[in-house]
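J.: Below you will find the structure I want to go over with you.
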Amino acid sequence: MSGVAIVGAAECDLGVTGRSILGLQTQAITRALADAGLTLADVDGIATTGVSRFSATQVADYLGIEPTWTDSTFAGGSAFEMFVARAAQAIEARQASVVVISFASNQRSAASRRLGGVFEPWVPEAQFEEPYDPLYPLSYYAMAAQTYLHRYGRTHAELAEVAIAAREWALLNPAAFRYGKGSLSVDDVVGATPISTPLTAADCCLVTDGGGAVVLTSAERARDLAKAPVSVLGYGERTTNTSFASVDDPTVTGAVGSAADAFERAGITVDDIDVAQVYDSFTITVALTLEALGFCKPGEALDLVAGGTIRPGGSLPLNTSGGGLSYCHPGQFGVLLLVEAVRQLRGEAGDRQVPGAEVAVAHGTGGILSTHATVVLGRAR
Amino acid sequence: MSTFTPGPVPPADEVTAGWWEATGEHRLTVQACGCGHAQHPPRALCTACGATDRLDLAPAAGVAVVDTFTVVHRAPRPDLPTPYVVARVRLPEGPVLLTRLEGADPGSWRIGDPVAVAWQDLDDGRALPYFVPTTPDQHTREA
């Protein structure tokens, strides 16, 4: 357990905003600071990515502050869970006292997302993999799903439950992109437009604008702030691959080690978790990550999720915002996993509130199951 | 047999030049270390033992087994026909390669199918390996 807490959390505008990246970043940061009862003058640490080559520097300049600590680690969607670890360490080492972790994207308004990913001709994958035109990252997850369903004799119809459950949560969240859009059926998922088999459009996360921010400070300072603090209990991470071919078994991910480290630091077991926010770039991402976190054994995730376990009212409340599949996915979703975990632990989640939630896990995944970072959060006592 | 149009293939560098040179002669190679490890793509060091001075290119048999695959239905660039099959294939020498599967109905592929290397010539004298069924008959089964 660290001596650091999350004291502020907020989303920027979501969906289709027509706004700029830095305009959305400013919304996220100022709203999260207001939530904490702090101002920009209190901030001496910035962690962000996805703005420019100099992401944290860019945001610091834009906000008119000169931080004593920054981090712009680029690790896809898991970067923000990594930032929590680094920020906790920086605060404990007294290099920073108040850190803002933020992200925002206008990818839907700007139509900036490309199916093939970003071409960097100097990396080995450009010579040896990209000439074959895999969709990035989609085709990697599709191949992991193909292996998973084949090995365990499962069906796409069973995997569809991940998307169906996410939609049920989104129907309880007015901020969700699919709020008011009705329930999903198995046929809606399996019969949707095929993109990269076995995955269809309904197995894939949204492509939206959006983002958010969280504010961290010492547990001591947190006691005097506006909202009940949320303690950073533990964290862990793993980094595995950039290539489509270098991991021997794509169904066993770095989340295994990431989660084990985080749970050990927090002094908890998987049974202590009341609510889980697990990166859902694709339906298969959730199945693999539930197994990696230890909620079930390898090959059993589709048994675990069957029967409404992860839907509202189920025994494993998962992705209670509606997730990347039905709430918001701005390209890097990890910061919004943290925002939802904080709201659940504070009891602020409205119709989707998990009663009495005391321990939450947020697990981020980046790239092609490339980077994994786990954060355990708890309601401060 | 010319069956697909690859995306742009960046030039070789000092580490990969030998591998690409062999492709011009339709020879598939893997990088092998004196410690016994084989790896792909070629690197400046051995990921098993760390050596930088005992890596050589060794001929590969040119056969593989489909490790996993996906049929892509939405093209990432203009003028690329769909559907097409992207796969990981496992060489008997050890390494796994990302590649294309051609020469059979996209819906007919299965994990574990045996495949053999084929070559798509590039304009610059190099060639890009892809894989086709070892036994075409296996793909007459219902997709």
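The values are calculated or read from the model by the stated rules, or taken from the named source; none is laboratory data. Quick caveat: nothing in here was measured; it's all calculated off a predicted structure. Neighbour counts are summed over all protein chains in view; Cβ atoms, including those assigned to glycine, are modelled from backbone coordinates with ideal geometry.
J.: Filter the range A:193-234 for residues that are surrounded by fewer than 19 Cβ atoms within 10 Å (Cβ to Cβ) and without any contact (Cβ under 8 Å) to a residue 24 or more places away in the chain; which is farthest from the other protein chains (Cβ to nearest Cβ)?
T.: Across the range A:193-234, the extreme among qualifying residues is A:Asp224.
J.: Need pairs with beta-carbon distance below 9 Å; first residue surrounded by fewer than 18 Cβ atoms within 10 Å (Cβ to Cβ) and within the range A:265-280, second at pLDDT below 95; sequence gap 6+ or separate chains.
T.: A:Gly267/A:Met1
J.: Based on this model, can you work out whether A:Ala341 counts as within 13 Å of the chain's Cα centre (by Cα), surrounded by 19 or more Cβ atoms within 10 Å (Cβ to Cβ) and either of a type in the set (Gly, Ala, Ser) or part of a strand (DSSP E or B) (or both)?
T.: Judged against the criteria, A:Ala341 is a match.
J.: Would a scan of the range A:74-85 turn up a residue that is of a type outside the set (D, E, K, R), surrounded by fewer than 17 Cβ atoms within 10 Å (Cβ to Cβ) and touching a Leu at 6+ places or on another chain (Cβ under 9 Å)? Steps first, answer last, please.
T.: Here is the first cut: in the range A:74-85, the residues of a type outside the set (D, E, K, R) are A:74-80, A:82-85.
Filter again for surrounded by fewer than 17 Cβ atoms within 10 Å (Cβ to Cβ), leaving A:74.
Next cut, touching a Leu at 6+ places or on another chain (Cβ under 9 Å) only: none.
Scanning the range A:74-85, I find no residue that is of a type outside the set (D, E, K, R), surrounded by fewer than 17 Cβ atoms within 10 Å (Cβ to Cβ) and touching a Leu at 6+ places or on another chain (Cβ under 9 Å), so the answer is no.
J.: Turning to a different aspect of this structure: If you go through the range A:300-323 one residue at a time, do you hit one that is surrounded by fewer than 24 Cβ atoms within 10 Å (Cβ to Cβ), in contact with a Pro (Cβ under 9 Å, 6 or more places away or on another chain) and in contact (Cβ under 8 Å) with a residue 60 or more places away in the chain?
T.: Looking through the range A:300-323, at least one residue is surrounded by fewer than 24 Cβ atoms within 10 Å (Cβ to Cβ), in contact with a Pro (Cβ under 9 Å, 6 or more places away or on another chain) and in contact (Cβ under 8 Å) with a residue 60 or more places away in the chain.
J.: Something else now. Return the residue satisfying two criteria in turn: it lies in the range B:1-58 and is more than 19 Å from B:Arg88 (Cα to Cα) and at pLDDT below 95, and of such residues it is nearest to the other protein chains (Cβ to nearest Cβ).
T.: The selected residue is B:Pro8.
J.: Let me ask you something else. Assuming B:Val72 fulfils every condition listed in (1) in contact with a helix residue (DSSP H, G or I) (Cβ under 7 Å, 6 or more places away or on another chain); (2) of a type in the set (A, V, I, L, M, F, W, C); (3) touching a residue at least 40 places away in the same chain (Cβ under 8 Å) apart from one, which condition is it?
T.: That leaves (3) as the condition not met.
J.: Out of (1) surrounded by 17 or more Cβ atoms within 10 Å (Cβ to Cβ); (2) within 14 Å of chain B (Cβ to nearest Cβ), what's the single condition that is false for A:Arg113?
T.: (1)
J.: Can I ask one more? Can you name the residue in the range A:46-73 that is assigned to a loop (DSSP other than H, G, I, E, B) and among the hydrophobic types (A, V, I, L, M, F, W, C) and is also surrounded by the most Cβ atoms within 10 Å (Cβ to Cβ) among such residues?
T.: Looking at the filtered set, the residue picked out is A:Val51.
J.: Can you name every residue in the range B:91-119 that is surrounded by 18 or more Cβ atoms within 10 Å (Cβ to Cβ), in a strand (DSSP E or B) and either of a type in the set (Gly, Ala, Ser) or more than 9 Å from every other protein chain (Cβ to nearest Cβ) (or both)?
T.: Residues satisfying the conditions are B:Leu101, B:Val115, B:Val117, B:Ala118, B:Trp119.
J.: Please specify each residue of the range A:148-192 satisfying the condition of being within 14 Å of chain B (Cβ to nearest Cβ) and touching a Lys or Arg at 6+ places or on another chain (Cβ under 9 Å).
T.: Correct list: A:Tyr148, A:His150.
J.: Residue check, A:Glu237 against (1) touching a His at 6+ places or on another chain (Cβ under 7 Å); (2) among the acidic types (Asp, Glu); (3) farther than 28 Å from A:Glu129 by Cβ, all met but one. Which one?
T.: (3) is the only condition that A:Glu237 fails.
J.: Identify the residue in the range B:101-143 that is of a type in the set (Ser, Thr, Tyr) and over 26 Å from B:Trp19 (Cα atoms) and, among all such residues, is modelled with the highest pLDDT.
T.: Restricting to residues being of a type in the set (Ser, Thr, Tyr) and over 26 Å from B:Trp19 (Cα atoms), the top hit is B:Ser108.
J.: Looking only at the range A:178-235, which residues are within 30 Å of A:Arg379 (Cβ to Cβ), part of a helix (DSSP H, G or I) and of a type in the set (A, V, I, L, M)?
T.: A:Ala219, A:Ala222
J.: Now for a different question. Across the range A:117-147, what is the number of residues that are under 30 Å from B:Glu14 (Cβ atoms), within 7 Å of chain B (Cβ to nearest Cβ) and either touching a helix residue (DSSP H, G or I) at 6+ places or on another chain (Cβ under 7 Å) or of a type outside the set (A, V, I, L, M) (or both)? Lay out the reasoning, then the answer.
T.: Within the range A:117-147, the subset under 30 Å from B:Glu14 (Cβ atoms) is A:117-134, A:136-137, A:139-140.
After this cut, where a residue has to be within 7 Å of chain B (Cβ to nearest Cβ) as well, the list is A:121, A:124, A:126-134, A:139.
Now drop any that are not either touching a helix residue (DSSP H, G or I) at 6+ places or on another chain (Cβ under 7 Å) or of a type outside the set (A, V, I, L, M) (or both), which leaves A:121, A:124, A:127-134, A:139.
Going through the range A:117-147 one residue at a time, the tally reaches 11.
A quick yes/no check of all residues on (1) touching an Asp or Glu at 6+ places or on another chain (Cβ under 6 Å); (2) under 21 Å from A:Leu138 (Cβ atoms); (3) more than 7 Å from chain A (Cβ to nearest Cβ):
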{"site": "B:Ala64", "(1), (2), (3)": "no, no, yes"}
{"site": "B:Arg74", "(1), (2), (3)": "no, yes, no"}
{"site": "B:Pro78", "(1), (2), (3)": "no, yes, yes"}
{"site": "B:Val85", "(1), (2), (3)": "no, yes, yes"}
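J.: For A:Asp261, all conditions in the list (1) more than 14 Å from chain B (Cβ to nearest Cβ); (2) acidic (Asp, Glu); (3) within 30 Å of B:Val86 (Cβ to Cβ) hold save one; what is the number of the exception?
T.: (3)
J.: While we're looking at this one, here's another question. Return the residues of the range B:1-35 that are in a loop (DSSP other than H, G, I, E, B) and in contact with a Cys (Cβ under 9 Å, 6 or more places away or on another chain); say none if nothing qualifies. Show your work before the answer.
T.: Of all residues in the range B:1-35, those in a loop (DSSP other than H, G, I, E, B) come to B:1-16, B:25-28, B:34-35.
Selection gives B:Gly34, B:Cys35.
J.: Ok, one more. Out of A:Glu291, A:Glu358, report the one residue that is over 22 Å from A:Ser183 (Cβ atoms), more than 19 Å from the chain's Cα centre (by Cα) and either crowded, with 24+ Cβ neighbours inside 10 Å or not β-branched (Val, Ile, Thr) (or both).
T.: Exactly one of A:Glu291, A:Glu358 is over 22 Å from A:Ser183 (Cβ atoms), more than 19 Å from the chain's Cα centre (by Cα) and either crowded, with 24+ Cβ neighbours inside 10 Å or not β-branched (Val, Ile, Thr) (or both), namely A:Glu358.
J.: Let me ask something else. Tell me, which helices (runs of 4 or more DSSP H) lie completely within the range A:247-326 with 1 or more residues that are closer than 25 Å to B:Thr70 by Cβ and out of contact with any helix residue (DSSP H, G or I) (no Cβ under 6 Å at 6 or more places or on another chain)?
T.: A:283-293, A:301-305, A:323-326
J.: Report yes if some residue within the range B:42-52 is within 23 Å of B:Pro8 (Cβ to Cβ) and within 17 Å of the chain's Cα centre (by Cα); otherwise report no. First the steps, then the outcome.
T.: As a first pass, look at the range B:42-52 and keep what is within 23 Å of B:Pro8 (Cβ to Cβ): B:42-43.
Within this subset, residues satisfying the condition of being within 17 Å of the chain's Cα centre (by Cα) are B:42-43.
Checked against the condition, which is being within 23 Å of B:Pro8 (Cβ to Cβ) and within 17 Å of the chain's Cα centre (by Cα), the range B:42-52 yields at least one hit.
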